[in-house]
1. Can you spot a residue in the stretch 146-161 that is farther than 16 Å from L45 by Cα, of a type in the set (A, V, I, L, M, F, W, C) and without any contact (Cβ under 8 Å) to a residue 24 or more places away in the chain?
2. Identify the single condition in (1) modelled with pLDDT under 90; (2) closer than 24 Å to K31 by Cα; (3) surrounded by 15 or more Cβ atoms within 10 Å (Cβ to Cβ) that C133 does not satisfy, given that it satisfies every other one.
3. Which one of S100, S123 is closer than 13 Å to L152 by Cα, crowded, with 18+ Cβ neighbours inside 10 Å and hydroxyl-bearing (S, T, Y)?
Amino acid sequence: MMTNNNNNDITHSEEMQDSINEPIIHHNHKKEVILLGSDHRGFDLKLIVRQHLIDLHYDVMDIGTHDKERCDYPNIAKSLVKTMDHKKGILICGSGFGMSITANRHKGVHAVTPRTVEETIISRQHGNVNVLCIGSDFTADVEAVKIVDAFLNTDYEELETSRYSKRIKMIDDGK
């Protein structure tokens, strides 16, 4: 990990963003771009999720970390959120909570750490969740893949008059 002049830690991904010409893995049958990031504790699960997404023909932008060397999850979450631009993101750390807390500090980001497929579906339908956070210490690989599938295949029930849309607007407007 590098340190800038302001003595703030930056991730390898942030350091490399300007020098990487093509950070997205492209496929012939592109569905959409999914941003993916993890800290060192979520690295192994991230590799499994990344391969699953590639197998499903998603374009994957891997925000980092790119090895198992210890790193700080807030830097990864901030890097992903900075890059989102109306895409969906998946963040993985030991508990999922730190990534979720960090991501949710940014306007327009709705991040959750579900432990089941059912929680994931409800969070997408009612909460317009656009960042899925997974705790690698608490989520088996097979269940994580099922949660990712539910996240990607469940739409937000957006109705102008629904109570969910009203609540999301209240969150986004800061009221």
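1. Yes, the stretch 146-161 has at least one match.
2. Going through (1) modelled with pLDDT under 90; (2) closer than 24 Å to K31 by Cα; (3) surrounded by 15 or more Cβ atoms within 10 Å (Cβ to Cβ) one by one, C133 breaks only (1).
3. S123
The values are calculated or read from the model by the stated rules, or taken from the named source; none is laboratory data. Keep in mind the model is a prediction, meaning the values are calculated, not measured. All Cβ positions, even for glycine, are placed from backbone atoms using ideal geometry, and neighbour counts span all protein chains on display.
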